[in-house]
Amino acid sequence: MEKHKLTREHALLLLEEFNQEESHMTHALTVGYVMRHFADLYSGDPDLWEITGLIHDLDYEKFPEEHCVKTGEILEERGWPEDIIRAAVSHGYPTCTDIEPLTDMEKVLYTIDELTGLVYAAALMRPTRMEGMSLKSLKKKWKDKSFAAGVNREIITTGAEKLGMPLDEVMLQTIEAMGKVAEAIGLNA
């Protein structure tokens with residue numbers, strides 16, 4: 001599939017083909033929106049980055065034991081562009097794949113995949129959800145290892161280092177991005 005013909009709708013159709021659980025769909029949408037936000041910060045193509053975020057966990061629901069690898073195979077079979085395939089596969093480094101994230105798009109996806117889960121969980125604990133969420137309140141949740149225990153904080157820290165961006169800034173940008181789309185991802189007050 002040619003990159004210029006690839007659309008958000010293509011990504012959503014593919015995502016829906018392999019995912020039925022609402023939580024997986026919401027996570028994909030969230031990561032897509034946050035990727036779009038970060039594309040602006042890195043002078044990337046917002047559409048390409050969002051599409052990549054949408055399909056990054058394509059295989060997780062149906063093929064959890066082959067996570068990332070199966071996504072690469074599915075996308076390759078369907079002729080998706082190599083940069084999207086590589087980003088989707090590398091976001092599982094080093095737990096699911098040995099493909100290390102190298103480009104800005106890959107590094108951002110690697111970093112924010114886990115971070116969006118932490119922000120989402122923190123927002124669910126607040127009566128105003130995303131509205132007014134501060135870095136201070138998120139960092140308090142970050143330090144509590146029992147909160148959102150499935151979120152791999154080490155990956156987020158490593159990702160921020162790979163990006164050359166302070167962890168606080170990555171967190172702030174993620175809060176900002178998710179705040180802008182709070183209604184679309186079910187986190188409006």
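Is there a residue in the range 124-134 that is in contact with a Phe, Trp or Tyr (Cβ under 7 Å, 6 or more places away or on another chain) and either part of a loop (DSSP other than H, G, I, E, B) or modelled with pLDDT under 95 (or both)? Break it down into steps so the answer makes sense when it comes.
Step one: of the range 124-134, the residues in contact with a Phe, Trp or Tyr (Cβ under 7 Å, 6 or more places away or on another chain) are none.
Among the residues of the range 124-134, not one is in contact with a Phe, Trp or Tyr (Cβ under 7 Å, 6 or more places away or on another chain) and either part of a loop (DSSP other than H, G, I, E, B) or modelled with pLDDT under 95 (or both), which makes the answer no.
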Check: Which condition breaks for SER146 when tested against (1) under 22 Å from THR26 (Cα atoms); (2) modelled with pLDDT of 95 or more; (3) surrounded by fewer than 18 Cβ atoms within 10 Å (Cβ to Cβ)?
Finding: (1)
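Taking the range 48-82 as the search range and keeping residues that are assigned to a loop (DSSP other than H, G, I, E, B) and within 17 Å of the chain's Cα centre (by Cα), which one is surrounded by the most Cβ atoms within 10 Å (Cβ to Cβ)?
Going residue by residue through the range 48-82, those that are assigned to a loop (DSSP other than H, G, I, E, B) are 56-63, 67-68, 78-81.
Retained after the next criterion (residues that are within 17 Å of the chain's Cα centre (by Cα)): 56-61, 67-68.
Working: HIS56: 29, ASP57: 23, LEU58: 25, ASP59: 25, TYR60: 21, GLU61: 16, HIS67: 19, CYS68: 22.
This residue is HIS56.
Regarding ASP98, is this residue in a helix (DSSP H, G or I), loosely packed, with under 14 Cβ neighbours inside 10 Å and either more than 13 Å from the chain's Cα centre (by Cα) or in contact (Cβ under 8 Å) with a residue 40 or more places away in the chain (or both)? Walk me through it before giving the result.
Numbers: in a helix (DSSP H, G or I): no; loosely packed, with under 14 Cβ neighbours inside 10 Å: yes; either more than 13 Å from the chain's Cα centre (by Cα) or in contact (Cβ under 8 Å) with a residue 40 or more places away in the chain (or both): yes.
In short, no.
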Next item on the list: Could you please tell me which pairs satisfy a Cβ distance under 7 Å, a separation of 6+ or placement on different chains, a first residue in the range 117-146 that is free of Cβ contacts under 8 Å to residues at least 60 places away in the same chain, and a second residue that is assigned to a loop (DSSP other than H, G, I, E, B) and of a type in the set (Val, Ile, Thr)?
Entry: LEU118/VAL151
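Name the residues in the range 135-189 that are part of a helix (DSSP H, G or I), of a type in the set (A, V, I, L, M) and within 14 Å of VAL34 (Cα to Cα), would you?
The first filter runs over the range 135-189 and keeps only residues part of a helix (DSSP H, G or I), leaving 135-143, 153-163, 167-180.
Adding the requirement that they be of a type in the set (A, V, I, L, M) leaves 135, 138, 155-156, 160, 163, 167, 170-172, 175, 177-178.
VAL170, MET171, LEU172, ILE175, ALA177, MET178 - these are the residues of the range 135-189 that are part of a helix (DSSP H, G or I), of a type in the set (A, V, I, L, M) and within 14 Å of VAL34 (Cα to Cα).
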Check: For GLY44, which of the numbered conditions (1) surrounded by 14 or more Cβ atoms within 10 Å (Cβ to Cβ); (2) of a type in the set (Gly, Ala, Ser); (3) without any contact (Cβ under 8 Å) to a residue 40 or more places away in the chain fails to hold?
Finding: (3)
Checklist line | Which numbered condition GLU22 misses (of (1) at pLDDT below 95; (2) over 20 Å from ARG86 (Cβ atoms); (3) of a type outside the set (Gly, Ala, Ser)) | finding: (1)
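When only residues in the range 151-189 that are of a type in the set (Gly, Ala, Ser) and at pLDDT 95 or above count, which is surrounded by the most Cβ atoms within 10 Å (Cβ to Cβ)?
Of the range 151-189, the ones of a type in the set (Gly, Ala, Ser) are 159-160, 164, 177, 179, 182, 184, 186, 189.
Right, trim to at pLDDT 95 or above and you get 159-160, 164, 177, 179, 182, 184, 186.
On the way: GLY159: 26, ALA160: 20, GLY164: 8, ALA177: 23, GLY179: 18, ALA182: 18, ALA184: 14, GLY186: 15.
Once the filter is applied, the top-ranked residue is GLY159.
The values are calculated or read from the model by the stated rules, or taken from the named source; none is laboratory data. Fair warning: this is a prediction, and the values are worked out from it, not measured in the lab. No Cβ is skipped: glycine too gets one built from the backbone with ideal geometry, and neighbour counts run over all protein chains shown.
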